[in-house]
Amino acid sequence: MLAEVAERVLACGGQRLRVGIDGLTAAGKTSFGHELAQQISAGGRPVLRATLDDFKKPWRDRHLYDRESGQGYYRNAFDYESVTRLLLQPAAPDGSGECVLCSIDPLTQVQHRDVVAVAAADAVLIVDGVFAFRPQINDFWDFRVWLDVDERSSVHRGTRRDQGWAGAHAEAVHRDRYLAAERLYLAEVDPLRLADVVIDNTVFDQPRLLRDLG
């Protein structure tokens, strides 16, 4: 299946390409992005990887807005201006190629805006993250992948994954913040309609292609 998706991506052309991987929290976006990058790289194309989590607004400014409720997280957590200016525009076929792959580390809060990676003229940029098909950045993607899991799986996986930093509050964070935000996103944007490929990723080692608009 990875080979099929990679083939679809490369069919978009020999110029720089930007691939967005979206889905609920803990759907497996980052892992899938790494695997797709390996598949495309093995075929000879240079690949760059990034995640939207590295383009959130700094925690030091959280007193200026609500970021902890579902509504607040959806509206305020991500810095789409930086995603556009530092990453997606430079990675365009007619862009400079000078891409910042991480604006700010979400855990350490260390800024990395001065670290630039140069995208070759035929490079494929693969970016994973929730809300990737929001209107603020949706038009920049040349290819869109949606990883589909149900809400229960999302909360369960995310809770297990994030207990290290969220502790006993992990389930509440995923249920009341992330899932609430994702429900808003699904209602407002209907991201599945925008995807070129929809993959059932309920079982990590047995992904199933649900829809291919190619």
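Between residue 119 and 98, 99, the built amide H atoms are under 5 Å apart, and every one of these is 5 or more places off in sequence or on another chain.
Normalised by residue count, region 98-212 yields a Cα convex hull volume of 146 Å³ per residue. Length, then width, then depth: along the principal axes, the Cα atoms of region 1-111 run 46, 32, 23 Å. Ranking 124, 138, 111 by Cα position along the charge dipole of region 97-155, where only Lys, Arg, Asp and Glu carry charges on their C-beta atoms, puts 111 farthest toward the positive end.
Per residue, the accessible area of the chain comes to 48 Å² when a 1.4 Å probe rolls over the protein heavy atoms. From largest to smallest, the equivalent ellipsoid semi-axes obtained for the chain from the alpha-carbon gyration tensor read 26, 22, 15 Å. Applying a DSSP loop filter and a limit of 15 other Cβ atoms within 10 Å to the GluC sites (Glu not before Pro) in region 1-44 leaves nothing.
Amide hydrogen proximity for residue 210: with H placed 1.01 Å from N in the peptide plane, the residues at 5 or more positions away or on another chain lying under 5 Å are 198, 199, 200.
In region 89-197, the portion of solvent-accessible area held by carbon and sulfur atoms comes to 50 percent [1.4 Å probe, whole percent, DNA, RNA and ligands not counted]. Karplus-derived 3J(HN,Hα) values for region 44-61, using 6.51 cos²θ - 1.76 cosθ + 1.60 with θ = phi - 60°, are x, 8, x, 10, 10, 10, 8, 9, 5, 4, 8, 10, 8, 5, x, 4, 4, 9 Hz; glycine and proline are entered as x.
When its C-alpha radius of gyration is set against 2.2 N^0.38 Å (N residues), region 46-147 gives a value of 1.08.
Using the beta-carbon distance between residue 105 and residue 65 and R0 = 22 Å, what value does 1/(1 + (r/R0)^6) give for FRET efficiency, to the nearest 0.05? The calculated FRET efficiency here is 0.60.
Region 71-135 and region 181-204 have Cα centres spaced 20 Å apart.
Taking the Cα centre of the chain as the origin, how large is its charge dipole in debye, to the nearest 20, when only Lys and Arg (+1) and Asp and Glu (-1) carry charge on their Cβ atoms? Roughly 300 debye, rounded to the nearest 20. Only one residue of 168, 155, 189 has its Cα farthest out toward the positive end of the dipole of region 141-207, where Lys and Arg carry +1 and Asp and Glu -1 on Cβ, and that residue is 168.
Test of understanding: in a Gaussian network model of the chain with alpha carbons linked when under 10 Å, which of 123, 27, 187 would top the mean-square fluctuation ranking? It is 187.
When a 1.4 Å probe is rolled over the protein heavy atoms, the share of accessible surface on region 9-58 that falls to carbon and sulfur comes to 47 percent.
Per-residue 3J(HN,Hα) values for region 64-70, derived from phi via the Karplus relation 6.51 cos²θ - 1.76 cosθ + 1.60 with θ = phi - 60°, read 7, 7, 7, 10, 9, 7, x Hz in sequence order (x marks Gly and Pro). For the residues 8, 75, 161, a 1.4 Å probe over the protein chains yields an accessible-area ranking, largest first, of 161, 75, 8.
The values are calculated or read from the model by the stated rules, or taken from the named source; none is laboratory data. Every value quoted in this text rests on a predicted model; they were computed, and no experiment measured them. Please note: Cβ atoms are built from the backbone with ideal geometry, for glycine as well, and neighbour counts cover all protein chains shown. Accessible surface areas use protein heavy atoms only, side chains included; no ligands, DNA or RNA. Shrake-Rupley method; radii C 1.70, N 1.55, O 1.52, S 1.80 Å.
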